[in-house]
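Contents: one structure, followed by commentary.
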Ligand code: HXC
Ligand code: NAP
């Protein structure tokens, strides 16, 4: 289904589009013909990504350096975009996160994560949405969540709270704005190694690899797999998928949720002993 030109005529705004999974989505969508707008705080990172994507794929890539926690900066940037070609798709991908014991956090530390993930996502969605509604434009919003949005997770409590809120936004606005032509989806990735995530989540190199290989498929996610899913979900072929969160994690969250996963550690002798027990039953 990924025919060349699938995204011709589309304009996709990606927050955090200069790095990691945001950059992965940017590359894939540009390769399929989409014009892009990248947002993030670091202008140099965005400028380099825009230049590289333009030269690789021959599409226009605009960028705006801003903090998604700043609604006035968002309004100003979107006014500029709407004066030219408005985006028809928003990917809420920007996030902040770190691992810490909850009892050690200051209020500002809690706010740092909640404000980027929950408030920033709300501000971006509101600012784009009200413009789309006013123009009667059809549009699509994809938010990148995480599986612990529905399981919860220790040591990343503000992130879990914020991502759960983003999932609630996806479902709520699917019902409210769906009838007005705006489609909502969320993607919940498991481990997809990126420098941004791994640097912020693990105190020393090497710890991340333990988590990477935890999914029952025995490996971390590949960026091309993530790109394929998101390119499908934002395409017209996925037009009936609405208000839904799709998990892409190699079965990772089920590993913890399923009661006997720890038995992976049993030896052949343990299994034989178990079988012998059964045979001894009268
Ligand atoms: C405790 C911390 C802390 C830490 C920061 N703070 N890091 N507290 N442990 N590790 C506290 C600071 O002391 C300060 O509080 C407050 O948080 C704000 O810190 P700043 O550095 O001023 O914040 P800011 O510059 O706004 O940076 C935001 C950030 C940073 C979230 C802290 O990490 C960031 O910019 N991250 C962006 C990239 C990122 O996180 N990517 C990973 C996404 S991965 P005080 O009280 O001292 O002033 C992800 C899911 C992955 O989301 C899941 C994998 C399966
Ligand atoms: P990343 O490279 O650190 O991506 C985060 C991006 O958000 C960066 O480009 C960053 O750019 C931008 N950003 C952060 N704070 C911002 C702010 N206040 N305003 C504007 N932009 C901001 O990490 P990633 O792994 O690719 O994560 C991408 C998304 O996937 C996130 O939503 C994350 O929660 C989710 N996710 C990742 C994984 C994984 O395994 N990698 C798993 C589950 C979910 P600047 O620093 O320049 O602002």
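Any read-out appearing in this document is the output of simple, stated calculations on the displayed coordinates, not a laboratory observation. Computed from a predicted model, the values in this text were never measured in an experiment. Methodologically, a virtual Cβ is constructed for each residue, glycine included, from the backbone with ideal geometry; neighbour enumeration extends over all protein chains shown.
Could you give the nm distance between label points at residue 273 and residue 204, where each point is 7 Å from its Cα heading toward the beta carbon? Spacing of the two 7 Å Cα→Cβ label points: 3.3 nm.
Across all directions, the average projected area of the convex hull around the alpha carbons of the chain is 19.1 nm². Note that segment 64-219 carries a Kirkwood radius of 16.9 Å, evaluated over its alpha carbons pair by pair. This ranking places 172, 259, 159, 55 by how few other beta-carbon atoms lie within 10 Å of each, fewest first, which gives 259, 55, 172, 159. The angle between the Cα long axis of helix 268-280 and the longest principal axis of the Cα atoms of the chain comes to about 60 degrees, rounded to the nearest 10. Taking the alpha carbon gyration tensor of segment 1-134, multiplying each eigenvalue by 5 and rooting it gives semi-axes of 27, 17, 13 Å, largest first. Residues 59, 157 in ascending order of nearby Cβ atoms (within 10 Å, fewest first): 157, 59.
Over all orientations, segment 210-282 has a Cα convex hull whose mean projected area works out to 8.2 square nanometres. When every Cα-Cα distance of segment 1-48 is counted in 10 angstrom steps from zero, the calculated P(r) takes the values 30, 51, 17, 2 percent. Counted residue by residue at 0.36 nm each, then reduced by the alpha carbon distance between them, the extension gain from residue 224 to residue 281 reaches 15.4 nm. Counting beta carbons within 10 Å around each of 36, 46 and listing the fewest first gives the order 46, 36. Computed over the chain, the per-residue total of -39500 (n - 2.57) for DSSP H runs of n ≥ 4 gives a 222 nm mean residue ellipticity of -14000 deg cm²/dmol, rounded to 500.
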